[in-house]
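Please read the structure below before turning to the comments.
The values are calculated or read from the model by the stated rules, or taken from the named source; none is laboratory data. Given the structure is predicted, the values throughout are model-derived calculations rather than measurements. Backbone-built Cβ (ideal geometry, glycine too); neighbour counts: all protein chains shown.
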Amino acid sequence: MSDGTTKEPWLSSTDVLVIGGGPAAAWAAVHAVEAGAEVTLVDKGYCGTSGATAPSGTGVWYIAPEETARAKAKASREALGGHLADHYWMDRVLDQTYTNMNRLALEGRYPFPVDQATGRQIRTGVQGPEYMRRMRAWLKRIGVRILDHSPALELLVDDEGVVRGAAGYQRQLDRDYRISAGAVVLATGGCAFLSRALGTNVDTGDGALMAAEVGARFSGMEFSNAYAIVPKGSTITKTAYYGYATFFHEDGRVVEGAGSQKGRSVIARTLLQEKVFAQIDRADEQVQAQMRSGQPNFFLQFDRRGIDPFTQRFEIDLLAEGTVRGTGGIDVIDDDCATTTPGLYAAGDAATRERICGGFTGGGSHNSAWAMSSGSWAGRGAAAFALRSGHPGAADLRGTGRVGLRPTGSPAVAADDVVAAAQDELIPFDKNYLRHGERIRPALAALDALWSSAAEGLAGGPGDGRVRARQAAAITAVGRLMYRSTLARTETRGMSKRADHPEQDPAQHHHVLAGGLDEMWTATTPATNSTLAVAS
């Protein structure tokens, strides 16, 4: 990586380097330390406040180890996910989540509310600000070195292509860094295309770009078109609350079907033609009180505007959440969440969640459980790898970053222009949400051309300019993986609904794999251990 500054890069080494600062990263650090590793964590923002979890209240897929309850929990979303989930992984996540939530109460010192009827703590959800504050404090207590405001820009590999660290930029100190490591955990979150959805502006696909540059494989990237309902002009997403809403046309007529399981598709189609309004008019007084205590910041936007959302209508919009609330990501190939590239592990929204969700998920619940579970396994696996292999000096490693760092031609492309062009193909409802091959193919062609242009001429200036350039490259790379995978799945399954292929095809009961950068590829692998697979 070119310096971009006049200062020499700061050099450091560690057993396990965790990249990210949300729950997956935090749990990875906890388990890596417990496995005997020295751990350094680098976060693009401030660990404990950055990312999609930190500003939100979120449910957690926490089910007591009781056979009937767990069977019901596993069955709850299988059809929605297109029967691509794996019961083996679901069982693992339910076990690990149950353990971790109990540990959060004791070692993490999280103040769960108490059920007045039973006197027991209610551990089925967390308040994001308090959760992440407690996780940061836990990491500090056990000796994790945390480097805030220190985005990683590229992975470092040794002569055999094993991932051995990362290089990046420390914003507050205005200096580059190079950290050599025995293994790396990517827990950088998903990609929401800088749509401004709550907490996602750090989620620009950086981990996906870095993983692709070292040859890692992806899975389920077609399941990356999540959208959230928001009041028009707002960034605060809490789609679950709209389950109590009625939706209206501009003339006051009810938008039929908008409150159903396919409601967001109905809303998206209506928004292409006219404004849509909502009123949370089906919540009784008890539910209203629970909503206000459960997600106070959801109501700030209404209080400031003088709107009572329970008795008054307000205009709504949809914000893209991409892979943050989708299920696609870096493929994991064993119980430790190793990737196809040695030395590299993936966790949380950066990794595929198909193992437990198939082709559909949403905010919190399964995503929250996956973050803490996959983080735990990735941290433990990375520690074992690092302690077996040791770690080299920074001088023995080479950086793998390309687009946005090392242009092949003269720098002539601005990061903001690349982001805007990518957003034009990735955010509109009629391209990424209401999918049709006739719209996806030209969008992909535009992204491919954008990638070629960026490879030749995109490079950030000194300091933070390289961070913006890499974000632009990452958003573009994620979009290309998404649309190639979408075109490879010629059916409607999970959240990838194709207007030109509206039915689910039993012959496509498989996962779509993808990879590459300049030259991209797709392939398929059979789905295993789902109810359909077991039945056959």
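Among the residues making up segment 498-528, a single one is hydrophobic (A, V, I, L, M, F, W, C), more than 24 Å from Asp334 (Cβ to Cβ) and loosely packed, with under 12 Cβ neighbours inside 10 Å: Ala507. Once segment 342-367 is narrowed to residues that are in contact with a helix residue (DSSP H, G or I) (Cβ under 7 Å, 6 or more places away or on another chain) and of a type in the set (Ser, Thr, Tyr), the residue that is farthest from Arg217 (Cα to Cα) is Thr361. Selection within segment 27-50: residues that are out of contact with any strand residue (DSSP E or B) (no Cβ under 8 Å at 6 or more places or on another chain) and under 18 Å from Ser373 (Cβ atoms). The member of this set that is surrounded by the fewest Cβ atoms within 10 Å (Cβ to Cβ) is Glu34.
Restricting attention to segment 242-266 and to residues that are closer than 15 Å to Gly362 by Cβ, in contact with a strand residue (DSSP E or B) (Cβ under 9 Å, 6 or more places away or on another chain) and of a type outside the set (D, E, K, R), the residue that is modelled with the lowest pLDDT turns out to be Gly263.
Condition check ((1) in a loop (DSSP other than H, G, I, E, B); (2) at positive phi; (3) touching a Leu at 6+ places or on another chain (Cβ under 6 Å)) across all residues:
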{"site": "Arg92", "(1), (2), (3)": "no, no, no"}
{"site": "Thr97", "(1), (2), (3)": "no, no, no"}
{"site": "Asn100", "(1), (2), (3)": "no, no, no"}
{"site": "Leu104", "(1), (2), (3)": "no, no, no"}
{"site": "Thr118", "(1), (2), (3)": "yes, no, no"}
{"site": "Glu130", "(1), (2), (3)": "no, no, no"}
{"site": "Ala137", "(1), (2), (3)": "no, no, no"}
{"site": "Ile146", "(1), (2), (3)": "no, no, yes"}
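Here's a check for you: in segment 415-458, which residue that is touching a residue at least 12 places away in the same chain (Cβ under 8 Å) and outside any helix (DSSP H, G or I) is surrounded by the most Cβ atoms within 10 Å (Cβ to Cβ)? Restricting to residues being touching a residue at least 12 places away in the same chain (Cβ under 8 Å) and outside any helix (DSSP H, G or I), the top hit is Leu458.
Going through (1) among the charged types (D, E, K, R); (2) touching a Leu at 6+ places or on another chain (Cβ under 9 Å); (3) over 29 Å from Thr524 (Cβ atoms) one by one, Asp206 falls short only on (3).
Sort through Ala64, Ala69 and tell me the only one that's of a type outside the set (Phe, Trp, Tyr) and part of a helix (DSSP H, G or I). Explain how you work it out, then say what you get.
Values: Ala64 fails: part of a helix (DSSP H, G or I).
Ala69 is the lone residue from the list that is of a type outside the set (Phe, Trp, Tyr) and part of a helix (DSSP H, G or I).
Among residues of segment 260-273 that are farther than 13 Å from Thr239 by Cα, those with a beta-carbon under 6 Å from a residue that is assigned to a helix (DSSP H, G or I) at least six positions away or on a different chain give the pairs Ala268/Phe429; Ala268/Tyr433. Summed over segment 132-153, the residues that are surrounded by fewer than 18 Cβ atoms within 10 Å (Cβ to Cβ) and either under 22 Å from Gly343 (Cβ atoms) or not assigned by TED's automatic domain parsing to the domain that holds Gly393 (or both) give a count of 1. The lone criterion from (1) within 30 Å of Gly399 (Cα to Cα); (2) in contact with a strand residue (DSSP E or B) (Cβ under 8 Å, 6 or more places away or on another chain); (3) part of a helix (DSSP H, G or I) left unmet by Arg468 is number (2). Of the candidates Ala382, Ala378, Ala371, Ala394, the single residue that is more than 21 Å from the chain's Cα centre (by Cα) and of a type outside the set (Ser, Thr, Tyr) is Ala394.
Got at least one residue in segment 311-318 being among the hydroxyl-bearing types (Ser, Thr, Tyr) and crowded, with 24+ Cβ neighbours inside 10 Å?
So the first thing to find is which residues in segment 311-318 are among the hydroxyl-bearing types (Ser, Thr, Tyr), and the list is 311.
Narrowing the set further to residues that are crowded, with 24+ Cβ neighbours inside 10 Å leaves none.
No, segment 311-318 contains no residue that is among the hydroxyl-bearing types (Ser, Thr, Tyr) and crowded, with 24+ Cβ neighbours inside 10 Å.
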